[in-house]
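Every number here is computed from the coordinates shown, using simple stated rules; none is lab data. It should be emphasised that the depicted structure is a prediction, and the values quoted were computed from it without experimental measurement. Note that we place each Cβ from the backbone using ideal geometry, even for glycine, and neighbour counts take in every protein chain shown.
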Amino acid sequence: MFARTYGATTLGVDGLIIDVEVDSAAGLPGFNIVGLPDTSVKESRERVRTAIRNSGIRLRQENVTINLAPAAIRKDGSGLDLPIAIGLLAAYGVIPQSLLEKSLFVAELSLEGECRGVHGILPMAMQARERGLTELFVARENANEALLVDGIQVYAVDNLLQLVQFVNGQEAMDPAKAEVIAAEPETIVDDFADVQGQYQAKRALEIAAAGGHNVLMVGVPGAGKTMLAKRVSTILPKLSKEEALEVTKIYSIAGLLPKNSGLLTKRPFRSPHHTASMTAMVGGGSVPRPGEVTLAHHGVLFLDELPEFSKKTLEVLREPIEDQKITVARIHATITYPASFILITSLNPCPCGFLGDPDHDCSCTPGEIKRYMRRISGPLLDRIDIHIRVSRVKYEDLSSKQKAESSAVIRQRVEKARQRQRERLKPYGLFCNAQMSHAIIHKECPLPEEAQKLLEQAFQRLMLSARSYDRIIKVARTIADLAGDEDISAVHIAEAIQLRNDMGLAMD
């Protein structure tokens, strides 16, 4: 007898509905799963058979074939256990096939028949709604996440027998309701109010947050580079609902979503260790999973001690920095992950860290300094909009009793600047200045004659690239937005040039 149920897995950051086709026929007993299953799906054969038996359901020995369609895409994840079990029971006539046509089943089964939660429920539920399915059966621990999607009825299932009895009308089961989670008052732990001095660095990071620009900080050890970077996410605008859904989908697939949590409301801040591999940074693997650049989507990716990362790991950042996405090609699929983030990096000016420090002598040889800086390629540096020098904090700043400006106050200015950008860039589907292409810059960022002359002088004297030219104008546009100015002036261009050239001064 033939039966069909619907399960789901993930592909990239989206859900993928799987048609689970089950055929049971007389013949030598067997249980075969086809349709490019990975190891965890192949092992479901033993979990499903044992779970059905331990649920008190006896099936006759037949030759069973299960096909997972579409067959050309590799399937992974233990969440296909439940649809395989339900399809098998429908093929044996234990439950009616007609009641399964609009239902999606996603859960792992224990050997006792208990339902366990899986990763990626949110994108699966969204895909189910698009497919026209109206009911979603998940493990109880996944119910809250599934309920984030409107327009689909969610049922929290404890075990296989309970589900079978419900489908057969032997037991009632009410649709799940979202657990009320008390909203925690927003508290900013890493606040800019705690940062004494460093006025130029804080100004640069405010500009970066307002326009979505990348930043490189160069300074001696202990100057506060890491402390400053950790506070950037506290001055970024709050996530919109669409952004929050995207971030929650990514963290759901990666298995990083807190238990029983709802929609993520805080912007991500990712700070991978310098030993992170190329795959860990951009994603991939035999079964592709999102990497750090995707986990930082709509947030901040902080790379501390930049030259300590392997050169291969750093070079793969070029595509996501430029295109706000990363494409991972594998034999069975080519997957594109979103990667729109602000890159914040820091480094010491030399191996010992004291090059250019008036209070300490540098102990590095010119050869050591050159080898140290060669770990960072010119093309990567060219993609970073703002290069700033972070000097040692003065004693009078540290001992001052006066509180510095708080993150909440800075964020108000950033949000106003972002609002101006959204209105200006709405026709192009963009939301910050860093996303502008050369054509959009040419149309939306006209320069007065004085500003053009200043930029021309800098372009020739500093031997800037075409990319640097565009990025200086983008930063200048953000500076103007923070000031509430409609047009870019020579003053804005001058500050943008200074922010672009400050790293070179730090490394002389």
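Here are some notes:
- Dipole moment magnitude, nearest 20 debye, the stretch 1-82 about Cα centre, only Lys, Arg, Asp, Glu C-beta charged: 340 debye
- Multiplying the residue separation of E305 and I331 by 0.36 nm and removing their Cα-Cα distance gives an extension gain of 5.9 nm.
- Hydrodynamic estimate: the Kirkwood radius of the stretch 195-326 over Cα pairs, inserted into Stokes-Einstein at 4 °C and 1.567 mPa s, corresponds to D of 81 µm²/s.
- Relative intensity, log₁₀ I(q)/I(0), of the stretch 29-95 from a Debye sum that treats every alpha carbon as a point, q = 0.11, 0.17, 0.21 Å⁻¹: -0.24, -0.57, -0.87
- Restricting the calculation to Cα atoms, every distinct pair contributes to the Kirkwood radius of the stretch 73-112, found to be 11.1 Å.
- On Cα atoms only, tilt of 449-461 relative to the major axis of the chain in degrees: 90 degrees
- Each residue, R422 and Q324, gets one label point 7 Å from its Cα in the Cβ direction; the gap between the two is 1.4 nm.
- Packing, taken as the mean count of other beta carbons within 10 Å per residue, orders the peptides 353-362, 290-299, 317-326 from highest to lowest as 290-299, 317-326, 353-362.
- Angle in degrees between helix 81-91 and the longest Cα principal axis of the chain, rounded to the nearest 10: 30 degrees
- Within a straight-line Cα-Cα reach of under 22 Å, K42 can be paired with the following lysines, leaving aside sequence neighbours fewer than 8 residues apart in one chain: K75.
- Dimensions (Å) - the stretch 278-337, Cα atoms, principal axes, largest first: 36, 24, 17
- Think of the chain as having a plus end and a minus end, set by charges on the Cβ of Lys, Arg, Asp and Glu; of V316, A51, V13, V316 sits farthest toward the positive end of this dipole.
- D by Stokes-Einstein for the stretch 304-401, Kirkwood Rh over Cα pairs, 20 °C, 1.002 mPa s: 131 µm²/s.
- Protection-proxy order for peptides 440-448, 110-118, each taking the mean of Cβ atoms within 10 Å per residue, highest first: 110-118, 440-448
- Rounded FRET efficiency, nearest 0.05, which uses the C-beta distance separating R116 from K394 and R0 of 56 Å: 0.50
- Note on K259: aspartates and glutamates with a C-alpha under 13 Å away, same-chain residues under 8 apart excluded, are E141, E145, E179.
- Cα-projected label distance for K403 with R131, points at 7 Å along beta-carbon direction, nm: 5.3 nm
- In terms of the mean number of neighbouring beta-carbon atoms within 10 Å, the peptides 123-130, 257-264, 431-438, 397-404 order highest first as 123-130, 431-438, 257-264, 397-404.
- Put simply, the C-alpha atoms of the stretch 83-167 give a gyration tensor, and the ellipsoid matching it has half-axes of 20, 16, 10 Å, longest first.
- Only helices enter the 222 nm calculation for the chain: every DSSP H run of n ≥ 4 contributes -39,500 (n - 2.57), and dividing by all residues gives -10500 deg cm²/dmol, rounded to 500.
- The Rg/Rh ratio of the stretch 318-366, with both radii computed over alpha carbons and Rh defined as the Kirkwood radius, is 1.35.
- Note on F2 and Q412: the model spin-label points, each 7 Å out from Cα along the C-beta direction, lie 6.7 nm apart.
- Helix 121-131 axis versus longest C-alpha principal axis of the chain: approximately 70°, rounded to the nearest ten.
- Taking max minus min of the alpha-carbon positions on each principal axis, the stretch 1-131 gives extents of 40, 29, 26 Å, largest first.
- All Cα pairs of the stretch 132-240, percent lying beyond 23 Å: 56 percent
- Partner aspartates and glutamates for K453 [C-alpha distance under 17 Å; skip if fewer than 8 residues away on the same chain]: D470, D487, E495
- Simple point charges give the picture: +1 on the Cβ of Lys and Arg, -1 on the Cβ of Asp and Glu, and for the chain a dipole about the Cα centre of about 520 debye.
- Shape metrics for the chain, restricted to C-alpha atoms - Rg then Dmax, Å: 27.6, 87
- Estimated at 0.36 nm per residue, the fully extended path between A69 and K102 surpasses their Cα-Cα distance by 10.2 nm.
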